[in-house]
Amino acid sequence: ASSPADLVALITDSKLAGRGGAGFPTGLKWKAVAEAPGHPKSIVCNADEGEPGCFKDRAIMDYDPHALLEGMLLAAYATGATRGFIYLRYEYPETAKSLQAAIDEAAAAGLLGENILGLSGFHFTLRIIRGAGAYICGEEGSLLNSMEGKHPFPRNRPPFPVTHGFEDLPTVVNNVETPATASHIARKGPEWYRGLGLGEHVGTKVISLSGDIQRPGNYEVPFGFPLQTLLHHWAGGPRAGRTIQAVTMAGLSGGFLAGEDLRVTLDDPCIRSKGSFLGAGGIIVFDDSRDMVQVAHDAMAFFAHESCGKCFPCRIGTQRLTERLNGIGSKEFPAWQEEVNDIGSVMKATSACGLGMAAPLVTESLLRYFPDAIEQHLSSPQ
């Protein structure tokens, strides 16, 4: 790509989409920032990997940090941005060291600073900002507020970060996996990347697999890949004598899949048709020894703890759902179900960000797959 516009066209042609969960087309985002008025523009890498069951960004930064830095440099060239920030999860101190070493290497090689690669006017600086341990800072508005030293509440949208991001100036916010993938696309071309998916799907996704499975770890799979193949062939299946009862999608945010729905393929259209979503690609496996009501309770308690409190549907709703899963409230299943669904529908319709919209998927999917377990839980003495 000889010019910024050519590079934007190349990334757009590859059909690369965001890898943090929202799946917004990367080329469109870069184009919007390139065309937005206002300077200096920024490239922000969202490395606040706080979703339970997700650890793929850490692996990329630990083992291939230069792919990330190259991708951010490409984004800077494509958009005219002059400053870059990696917002790094506080709980990754070793990654902070290896990332800083990579940044120092890039600077020494003349890939950061002024007139990079002899291109007049191509200036780019890059630094790490460490988060402070808040799950909500993975949401881009909260992340940008945190970077500015403000309380990390989600921002109202519009305006969007592409025009009003860091310091209210045009900003690209990309998940670690996105620029790391862009650097390979720039090298091998958009046709190569499009050809990696299965069927109509484009490209690959790194899946973090953990829980009751023989070989947990990160697996890069083509979009459209069967979940059963990943679980039973690549990852060795459940432990001896056990069967897989359920898995979570999108870390915890997508709730559970179980029964026949474990036959999904790993792509958003298929998973959304089952009432869940792929998100950042964390999958936690639960075998038949697990109490799924307890699992759901612990997940909801996590969301209640991490809710930022800005909007009352999420602040109160996650607390009330945790109480219901704790056995507080109605002991009759129909009334319990009605109340839980009512709380969930209000949260999904009115919450300020994705945390409050996603949390009810935990109780929704628990009701869908494990109604008998809930009835048993309600009837047992607490």
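The values are calculated or read from the model by the stated rules, or taken from the named source; none is laboratory data. For clarity, every value in this text was computed on a predicted model and none was experimentally measured. Cβ atoms come from the backbone with ideal geometry, glycine included; neighbour counts cover every protein chain shown. Accessible surface is based on the protein model in full, side chains and every heavy atom, while ligands, DNA and RNA are left aside. Shrake-Rupley method; radii C 1.70, N 1.55, O 1.52, S 1.80 Å.
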I'd like the trypsin sites (Lys or Arg not before Pro) in the range 78-176 restricted to DSSP loop residues with at most 16 other Cβ atoms within 10 Å, sorted by number. Lys150
When the convex hull of the Cα atoms of the range 7-122 is projected onto a plane and the area is averaged over all directions, what value comes out in nm²? 7.8
Please label the shape of the range 74-173 as rounded, prolate or oblate, based on the square roots a ≥ b ≥ c of the eigenvalues of the alpha-carbon gyration tensor (a/c under 1.5 means rounded; beyond that, a/b larger than b/c means prolate, else oblate). oblate
Once you have the Cα-Cα distance between Lys331 and Glu200, take 0.36 nm times their residue separation minus that, and quote the gain in nm to one decimal. 42.4 nm
Please calculate the 1.4 Å probe accessible area of Ile328, with all protein chains present, and give it to the nearest 10 Å². 90
Environment charge of Gly20, counting only residues whose C-beta is closer than 15 Å and scoring Lys/Arg +1, Asp/Glu -1: -2
Kindly identify the range 191-317 as rounded, prolate or oblate by the Cα gyration tensor criterion: order the square roots of the eigenvalues as a ≥ b ≥ c, call it rounded if a/c is under 1.5, otherwise compare a/b with b/c, prolate if a/b is larger, else oblate. oblate
Given a Förster radius of 45 Å and the C-beta distance between Asp62 and Glu167 as r, what FRET efficiency does 1/(1 + (r/R0)^6) yield to the nearest 0.05? 0.90
Zone reached by a paramagnetic label modelled 7 Å from Gln294 Cα along Cα→Cβ, restricted to the range 323-340 with backbone N below 16 Å, covers 325-327
Extension gain (nm, one decimal) between Gln376 and Glu91, 0.36 nm per residue minus Cα-Cα: 98.8 nm
Debye log10 I(q)/I(0) for the chain, one point scatterer per Cα, at q = 0.09 Å⁻¹: -0.54
For each pair in Lys29/Lys150; Lys274/Lys348; Lys150/Lys274; Lys150/Lys348; Lys56/Lys274, compute the distance between the two Cα atoms and list the pairs where it is over 28 Å. Lys150/Lys274
Please identify the GluC sites (Glu not before Pro) of the range 163-237 that satisfy two criteria: DSSP loop assignment and at most 12 other Cβ atoms within 10 Å. Which are they? Glu200
Give the angle, between 0 and 90 degrees and rounded to the nearest 10, that separates the Cα long axis of helix 65-79 from the longest principal axis of the Cα atoms of the chain. 70
Any aspartates and glutamates whose Cα falls less than 15 Å from that of Lys205, other than same-chain ones fewer than 8 residues away, would be Asp57, Glu177, Glu220, Asp267, Asp268
Where does each of Ser380, Ser365 land when they are ordered by accessible area, with a 1.4 Å probe and the largest first? Ser380, Ser365
In nm, to one decimal, how far is the modelled label at Asn156 from the one at Ser273, with both set 7 Å along Cα→Cβ? 3.9
Would you mind getting me the FRET efficiency between Asp342 and Ala9? Use the beta-carbon distance for r and R0 = 51 Å, nearest 0.05. 0.60
Note on the range 190-333: contact order normalised by length, alpha-carbon pairs under 8 Å, 6 or more apart, percent, works out to 20
SASA check, Phe302, accessible area w/ 1.4 Å probe, all protein chains in place, rounded to nearest 10 Å², comes out at 50
Please report the antiparallel percentage of DSSP beta bridges with both residues in the range 175-334, rounded to the nearest 5. 80
Among the DSSP beta bridges whose two residues both lie in the range 1-145, what percent are antiparallel, rounded to the nearest 5? 15
How large is the accessible surface of His164 in square angstrom, using a 1.4 angstrom probe and rounding to the nearest 10? 80
What number, in percent, do you get for the relative contact order of the range 20-170 if the mean sequence gap of Cα pairs under 8 Å and at least 6 apart is divided by its residue count? 27
Expressed as a whole-number percentage, the relative contact order of the range 74-124 with C-alpha contacts under 8 angstrom and at least six residues apart is 34
Gyration tensor verdict on the range 250-366 (Cα atoms; rounded if a/c is under 1.5, prolate if a/b is larger than b/c, oblate otherwise): oblate
Helix 312-325 vs. the chain, principal-axis angle (Cα, 0 to 90°, nearest 10): 40
